[in-house]
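The values are calculated or read from the model by the stated rules, or taken from the named source; none is laboratory data. Only a predicted model underlies this, so the values are computations on that prediction, with no experimental measurement involved. Neighbour counts run over all protein chains shown; Cβ positions are idealised from the backbone, glycine included.
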Amino acid sequence: NAGVTQTPKFRILKIGQSMTLQCTQDMNHNYMYWYRQDPGMGLKLIYYSVGAGITDKGEVPNGYNVSRSTTEDFPLRLELAAPSQTSVYFCASSYSGQTTGELFFGEGSRLTVL
Amino acid sequence: AQRVTQPEKLLSVFKGAPVELKCNYSYSGSPELFWYVQYSRQRLQLLLRHISRESIKGFTADLNKGETSFHLKKPFAQEEDSAMYYCALSGVTGRRALTFGSGTRLQVQP
């Protein structure tokens, strides 16, 4: 049981380049999230999804896009990379039942924009 | 707006000493509070949640609505408790996303 899988683990981008962070989960969770974590800071929500075909903005969505065509996958797209997007990105998923709060996280993707 | 504050970036104690990791929150409604932990080279994972009133690995946390706090406590620290600890709040219904504090690194020295 892999849980939440993120790729790549590390990436260096040049300013203006684009890339997609992949996230897939095998737990049949309806809820999925993308967070970013800057050094010394907490995790900030970028985008989330409550099910296939439904996405919504979190606290810091600017510069990112997401899609949710299947229950399993929730890719995060950076269109024009900027140094301010240097961060560690975490994908997470959760069960959509009554129990709240348990998010299952991926290992994180460290992105550097130079 | 909801907010979680963890005032200490680093807490260093000796093995066997009591531990208290502080967490204060700001939220106008009835929040749900959680503690997450990240051990070295492991994923962020749920440690405990206030609604369960449970003790996990000897840790407990009590929600104090009057002081808007949810401090994490353990009477006798162990070396394996060394990790990053994040307090988190769920306040916006429907999306189930969490608001995280900036984290406290706990170092338990032998």
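Values as computed for the structure displayed
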| read-out | value |
| --- | --- |
| Test: residue in segment B:15-23 that is at the interface with another protein chain (Cβ under 9 Å from one of its Cβ atoms), among the basic types (Lys, Arg) and surrounded by fewer than 15 Cβ atoms within 10 Å (Cβ to Cβ) | no |
| Strands (runs of 3 or more DSSP E) within segment A:37-114 that include 1 or more residues within 8 Å of chain B (Cβ to nearest Cβ) | A:43-51, A:54-57, A:87-94 |
| Any hit, segment B:65-73, residues being among the β-branched types (Val, Ile, Thr) and surrounded by 20 or more Cβ atoms within 10 Å (Cβ to Cβ) | no |
| Of all residues in segment B:24-37 being closer than 21 Å to residue A:41 by Cβ and in contact (Cβ under 8 Å) with a residue 60 or more places away in the chain, the one that is surrounded by the fewest Cβ atoms within 10 Å (Cβ to Cβ) | B:27 |
| Enumeration of residues in segment B:85-101 that are modelled with pLDDT of 95 or more and either more than 25 Å from residue A:49 (Cβ to Cβ) or β-branched (Val, Ile, Thr) (or both) | B:85 |
| Some residue of segment A:42-51 being loosely packed, with under 14 Cβ neighbours inside 10 Å and of a type in the set (A, V, I, L, M, F, W, C) | no |
| Residue that is farthest from residue B:44 (Cα to Cα), among those in segment A:1-32 that are assigned to a strand (DSSP E or B) and at pLDDT below 95 | A:31 |
| Residue B:75 touching a residue at least 60 places away in the same chain (Cβ under 8 Å) and more than 10 Å from chain A (Cβ to nearest Cβ) | no |
